[in-house]
Amino acid sequence: QVQLVESGGGLVQPGGSLRLSCAASGSMVDNFAMAWFRQAPGKEREFVAAINWSGSISDVADPVKGRFTISRDNAKNMLHLQMNSLNPGDTAVYYCAARLFSYSRWHNEYDYWGQGTQVTISS
């Protein structure tokens, strides 16, 4: 069983930055691939970025490539998402997710989810 708690969301002006964090707890967290998804009102949950269990391999969705960076600190059981050059299209609830071993871009393949953190980009 894995518990995930996101933090770091908020209201930011266009062009600004935010750093989201996800604290993971439970057994064998190091064995889990982790990911960020987001969901805007009226839209389906969307893949943002994912990282393998060791942090050596990551994947980032095209809409955020070059602006967002995913990282993890297994010593602290933390997952991060550094978001730069934010625009109103990035407004959504951001979710942290985990699944055993390999990561995926498909949200229905993840077993554990956090409660989400709201990110709003507006002037």
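The values are calculated or read from the model by the stated rules, or taken from the named source; none is laboratory data. As the structure is a computational prediction, the values presented were derived from the model and not from experiment. Quick reminder, even Gly has a Cβ in these numbers, built from the backbone with ideal geometry, and neighbours come from all protein chains shown. SASA here: full protein model, heavy atoms, side chains in, ligands and nucleic acids out. Shrake-Rupley method; radii C 1.70, N 1.55, O 1.52, S 1.80 Å.
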Counting only the backbone N, which residues of the range 1-45 are under 12 Å from the spot 7 Å out from the Cα of Leu100 toward its beta-carbon? 1, 28, 31-33
Which shape class, rounded, prolate or oblate, goes with the range 73-123 when its Cα gyration tensor gives a ≥ b ≥ c as root eigenvalues, a/c under 1.5 marks rounded, and past that a/b bigger than b/c marks prolate? prolate
Spin-label pair Gln1/Asn84, simplified geometry with 7 Å Cα→Cβ offset, distance in nm: 4.0 nm
Provide the FRET efficiency to the nearest 0.05 for the Ser123-Ser25 pair, computing r from the beta carbons and using R0 = 25 Å. 0.10
Quick one: if you take sqrt(5λ) for each eigenvalue of the C-alpha gyration tensor of the chain, what semi-axes come out, biggest first, whole angstrom? 23, 14, 13
Can you pull the accessible area of Glu46 for me, 1.4 Å probe, Å² to the nearest 10? 70 Å²
Only Cα pairs within less than 10 Å get springs; with that Gaussian network setup on the chain, which residue of Tyr103, Tyr94, Tyr112 has the largest fluctuation? Tyr112
Charges only on Cβ, +1 for Lys and Arg, -1 for Asp and Glu: so what's the dipole of the chain about the Cα centre, in debye to the nearest 20? 180 debye
Which whole-number value in Å² is the accessible area per residue of the chain, probe 1.4 Å? 51 Å²
If you average the C-alpha positions of the range 81-123 and of the range 1-37 separately, how far apart do those two centres end up, in angstrom? 8 Å
